[in-house]
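The values are calculated or read from the model by the stated rules, or taken from the named source; none is laboratory data. The model shown is predicted, which means the values in this text are computed figures rather than measured ones. Methodologically, a virtual Cβ is constructed for each residue, glycine included, from the backbone with ideal geometry; neighbour enumeration extends over all protein chains shown.
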Amino acid sequence: MADSPEDVTDSNLMEEQRATKARYPPVNWKYEYLDHTADVQLHAWEDTLEEAFEQCAMVNFGYMTDGTVESLHTIEVETQDDLQSLLFHFLDEWLYKFSADEYFIPREVKVLNINQRNFRIWSVGWEEEFSLSKHPQGTEVKAITYSAMQVYNKEKPEVFVIIDI
């Protein structure tokens, strides 16, 4: 029996997504959860600011679940303020994608570019629909906060974000 047009399209899409993911190196996890009175503080670091933002996005969703994902989605964010505002809106946009888009959860995020002059960020994430049968349930992140948010853009960039759980 021949594949239906939908099966061929799905197969082509999956192959294209795998090829896109293969262009990016695997991610080494460089983050930690820090105690905070009522919420959780995320601390992420890396060799570049782009990679530190990636780590922060992954630690945010790692708090909700573990798992691997396949589907590709892009996020572009622009602000007029500063790097803290850019980080806030970047994480908030990914969190919104989880909440508003039928619980699609990104587990791996790649920041393609941060324009520090115009405070603009381009990223891609591999995601899939959150399912309790497949993903261990952690604690849902309700919101990203500006409280004690810090972005250190130095030799080894670091970011600190408190999330509301």
Suppose we keep only residues that are modelled with pLDDT of 90 or more and among the polar types (S, T, N, Q) within the range 33-82. Which one would you say is nearest to G125 (Cα to Cα)? T48
Quick check: is even one residue across the range 8-29 in a loop (DSSP other than H, G, I, E, B), at pLDDT below 90 and crowded, with 16+ Cβ neighbours inside 10 Å? no
